[in-house]
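The values are calculated or read from the model by the stated rules, or taken from the named source; none is laboratory data. If you're wondering where the values come from, they're calculated on a predicted model, not measured in any experiment. Because the Cβ atoms are built from the backbone with ideal geometry, glycine has one as well, and the counts that use them run over all protein chains shown. Ligands, DNA and RNA are excluded from the accessible area calculation, which covers all protein heavy atoms including side chains. Shrake-Rupley method; radii C 1.70, N 1.55, O 1.52, S 1.80 Å.
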Amino acid sequence: MDTNNFIIFVLSTILIVLIISPNHCSAQLKHNYYSNSCPNVETIVRNAVKKKLQETIVTAPATLRLFFHDCFIKGCDASVILASPSGNAEKDSEDDLSLAGDGFDTVIRAKTAVERVPGCKHKVSCADILALATRDVIVLSGGPNYGVELGRKDGKTSTKASVEGHLPLARFNYKQLRKMFASHGLSQVDLIALSGAHTLGFSHCSQFSKRIYNYKSKSSIDPKLEQGFAKELQKQCPRDVDPRIVIPLDPTSPFRFDNSFYKNLQQGKGLLASDQALYTTRKSKRVVNAFAANTTLFERVFVAAITRLGRLGVKTGNQGEIRHDCRVVNND
Ligand code: HEM
Ligand SMILES: *[C@@H]1O[C@H](CO)[C@@H](O)[C@H](O)[C@H]1NC(C)=O
């Protein structure tokens with residue numbers, strides 16, 4: 001081979017490898033990313049999360065939702081945690097104002113615990129701590145255990161404008177939900193499995209009050225809602241929305257990570273229109289029925305889906321940094 005042929009050979013080999021490698025467009029995350037730099041990171045984070053959860057049970061839903069909102073906006077880079085002095089960060093956006101403070105606090109506390117360990121100082125990203133804390137709250141709520149892929153860098157920017165129109169809304173129909181998830185490379189099955197996160201936590205009445213008071217016309221109820229459940233909701237949520245009231249997304253067990261969310265959908269007891277929308281097409285009904293019938297199946301598919309969620313827009317090298325304080329970008 002002469003030099004020219006050799007160069008062409010090398011370049012085409014590189015090209016082929018780039019094309020066929022499974023995650024060629026996302027950074028290579030790995031389970032043991034910190035095995036040299038901070039080998040005990042998983043235990044440190046787990047203990048901090050455990051302590052926080054013992055103090056406040058809403059830590060679990062708050063952290064899980066925070067991870068979702070982070071990953072959907074500019075990738076899983078902890079940009080959702082950045083605070084802006086002028087009130088212009090992601091967290092200040094309309095759609096993120098209802099993120100519970102306990103999710104942020106969980107990450108900040110776990111980060112403090114990690115930074116305190118001499119070898120670990122300035123080694124572990126806030127984005128990875130959020131991914132670990134999310135797994136931990138799932139496990140501690142009775143959900144599946146799984147290995148978390150690590151190696152994300154933290155983002156250096158966070159703007160309100162980046163959120164608008166990029167998070168799914170409670171009034172979305174199935175087509176709108178599918179489209180938004182597909183724009184992140186997530187399938188229908190991923191959408192349905194990830195929505196199972198609504199087995200934990202609460203919603204404000206404003207997110208569904210139209211369904212119980214003013215569906216198509218005044219005083220009409222969404223026909224997809226089971227009527228007894230709708231009457232129950234009317235009792236709990238007055239027509240004039242009281243912003244202090246929250247209702248469990250899964251009324252049977254709001255702090256247990258299980259498959260009851262799907263059983264509720266079968267009975268017309270999905271709280272949000274977007275939840276009940278998962279039980280409207282032939283294919284989506286089949287998936288919901290399968291998850292309702294088999295917890296093991298739901299857990300397996302959920303783990304695969306949240307792992308894919310955790311790969312969205314991951315930053316490496318100079319695209320990001322290891323933030324020292326999760327709330328602010330480094331000033332060096
Ligand atoms: C499929 C589209 C989705 C829509 C339209 C949606 C919408 C919502 C809404 C409106 C709330 C109530 C917010 C409030 O009133 O305070 C909520 C809560 C929640 N969401 Fe979602 N969500 C979706 C998907 C997800 C996903 C994929 C996850 C996580 C993997 C998730 C996790 C949560 C959790 C845990 C809560 C409860 C938060 C708490 O109690 O603090 N959601 N969601
Ligand atoms: C439930 O799903 C798991 C995982 O796919 C499968 O191995 C098992 O056979 C299923 N169980 C039933 C009763 O169908």
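Okay, residues lined up against (1) farther than 21 Å from residue 150 by Cβ; (2) hydrophobic (A, V, I, L, M, F, W, C):
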| site | (1), (2) |
| --- | --- |
| 28 | no, no |
| 33 | no, no |
| 39 | no, no |
| 49 | no, yes |
| 57 | yes, yes |
| 79 | no, no |
| 100 | yes, yes |
| 105 | yes, no |
| 109 | no, no |
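Which residues, counting only those in segment 99-140, are within 16 Å of ligand 1 (Cβ to nearest atom), open to solvent by less than 10 Å² (accessible area, probe 1.4 Å) and either more than 24 Å from residue 315 (Cα to Cα) or of a type in the set (A, V, I, L, M, F, W, C) (or both)?
From segment 99-140, those within 16 Å of ligand 1 (Cβ to nearest atom) are 99-107, 127, 130-140; that's our starting set.
In the following step, the residues that additionally are open to solvent by less than 10 Å² (accessible area, probe 1.4 Å) were identified as 103, 106-107, 127, 130-134, 136-138.
Across segment 99-140, the qualifying residues are 107, 127, 130, 131, 132, 133, 137, 138.
If you check residue 179 against the conditions, is it of a type in the set (Lys, Arg), over 22 Å from residue 263 (Cα atoms), modelled with pLDDT under 95 and outside the structural domain of residue 72 (by TED's automatic domain parsing)? Write out each step before concluding.
Details: of a type in the set (Lys, Arg): yes; over 22 Å from residue 263 (Cα atoms): yes; modelled with pLDDT under 95: no; outside the structural domain of residue 72 (by TED's automatic domain parsing): yes.
No; evaluated as a whole, the condition is false for this residue.
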Find the residue count for segment 305-315, including only residues that are open to solvent by 40 Å² or more (accessible area, probe 1.4 Å) and within 12 Å of ligand 1 (Cβ to nearest atom). 1
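Just checking, does segment 316-325 include any residue being surrounded by 20 or more Cβ atoms within 10 Å (Cβ to Cβ), within 24 Å of residue 184 (Cβ to Cβ) and over 18 Å from the mean Cα position of the chain (by Cα)? Steps first, answer last, please.
Taking segment 316-325 first, the residues surrounded by 20 or more Cβ atoms within 10 Å (Cβ to Cβ) are 320, 323.
Keeping just the survivors that are within 24 Å of residue 184 (Cβ to Cβ) gives 320, 323.
Checking which are over 18 Å from the mean Cα position of the chain (by Cα) leaves us with 320, 323.
The answer is yes; a qualifying residue exists.
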When both residues are 6+ apart or on different chains and their Cβ atoms are under 8 Å apart, which pairs have a first residue that lies in segment 206-223 and is in a loop (DSSP other than H, G, I, E, B), and a second that is polar (S, T, N, Q) and open to solvent by 70 Å² or more (accessible area, probe 1.4 Å)? 221/227
Top-ranked residue of segment 141-183 - restricted to ones that are among the hydrophobic types (A, V, I, L, M, F, W, C) and either in contact with a strand residue (DSSP E or B) (Cβ under 8 Å, 6 or more places away or on another chain) or in a loop (DSSP other than H, G, I, E, B) (or both), ranked as surrounded by the fewest Cβ atoms within 10 Å (Cβ to Cβ): 169
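So which of 186, 177, 191, 150 ends up being in contact (Cβ under 8 Å) with a residue 60 or more places away in the chain and under 30 Å from residue 328 (Cβ atoms)? Walk me through it before giving the result.
Details: 186 fails: under 30 Å from residue 328 (Cβ atoms); 177 fails: under 30 Å from residue 328 (Cβ atoms); 191 fails: under 30 Å from residue 328 (Cβ atoms).
The conditions single out 150.
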